[in-house]
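Trainee: The structure follows.
The values are calculated or read from the model by the stated rules, or taken from the named source; none is laboratory data. Nothing here was measured: the structure is a model prediction, and the numbers come from that model. Neighbour counts run over all protein chains shown; Cβ positions are idealised from the backbone, glycine included.
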Amino acid sequence: ERERERKREREDGIISKDDLRDVLASMGQLNVKNEELEAMIKEASGPINFTVFLTMFGEKLKGADPEDVILSAFKVLDPEATGTIKKEFLQELLTTQCDRFSAEEIKNMWAAFPPDVAGNVDYKNICYVITHGEEKEE
């Protein structure tokens, strides 16, 4: 039941205290206190969506490898650790949160990072391109 509730929370685009704990744990910061997580949540001006989350982590992890930081943010949206996110879910996040993508930007996104036949987007490739500026050689 708790897992189903967490899945529903993830689908609303808002990142919870448990999601923050999971990301920090994936980066080696285990046993983070509730007070620390609550302080991070209070730093945000409102609910933490994906854009706010990336900004917060960018500020917290200065000196860390940017690719790892962005990858960890995407991993919150991939609880089964498949390395992919459903195209529809990613598109919804990008068009409804903070600096919303336009239809043209979405079209360009799918041209640069086409989903596979099952509609999955390889976010590891997106992270690589964001941080290295070119497509990874296969």
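Trainee: Tell me, which residue of the range 95-128 that is in a helix (DSSP H, G or I) and hydroxyl-bearing (Ser, Thr, Tyr) is farthest from Pro47 (Cα to Cα)?
Mentor: Taking the range 95-128 first, the residues in a helix (DSSP H, G or I) are 95-96, 103-112, 123-128.
Add one more test, that the residue is hydroxyl-bearing (Ser, Thr, Tyr), and what stays is 95-96, 123, 128.
Details: Thr95: 17, Thr96: 14, Tyr123: 23, Tyr128: 27 Å.
The residue in question is Tyr128.
Yes/no per residue for (1) closer than 19 Å to Leu20 by Cα; (2) surrounded by fewer than 11 Cβ atoms within 10 Å (Cβ to Cβ); (3) more than 13 Å from the chain's Cα centre (by Cα); (4) modelled with pLDDT of 85 or more:
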site	(1), (2), (3), (4)
Phe74	yes, no, no, yes
Lys86	no, no, no, yes
Asn108	no, no, yes, yes
Val121	no, no, no, yes
Asn125	no, no, yes, yes
His132	no, no, yes, no
Glu138	no, yes, yes, no
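Trainee: Follow-up. State which residue pairs qualify: first residue within 16 Å of Asn125 (Cα to Cα) and inside the range 79-103, second residue among the aromatic types (Phe, Trp, Tyr) in any location, beta carbons under 6 Å apart, and separation of 6 or more residues or different chains.
Mentor: Ile85/Tyr123
Trainee: Does Leu30 qualify as being over 16 Å from the mean Cα position of the chain (by Cα), over 15 Å from Leu77 (Cα atoms) and modelled with pLDDT under 75? Show your work before the answer.
Mentor: Details: over 16 Å from the mean Cα position of the chain (by Cα): yes; over 15 Å from Leu77 (Cα atoms): yes; modelled with pLDDT under 75: yes.
Yes; evaluated as a whole, the condition is true for this residue.
Trainee: Quick check on Glu9: is it acidic (Asp, Glu), out of contact with any His (no Cβ under 8 Å at 6 or more places or on another chain), at pLDDT below 75 and surrounded by 13 or more Cβ atoms within 10 Å (Cβ to Cβ)?
Mentor: yes
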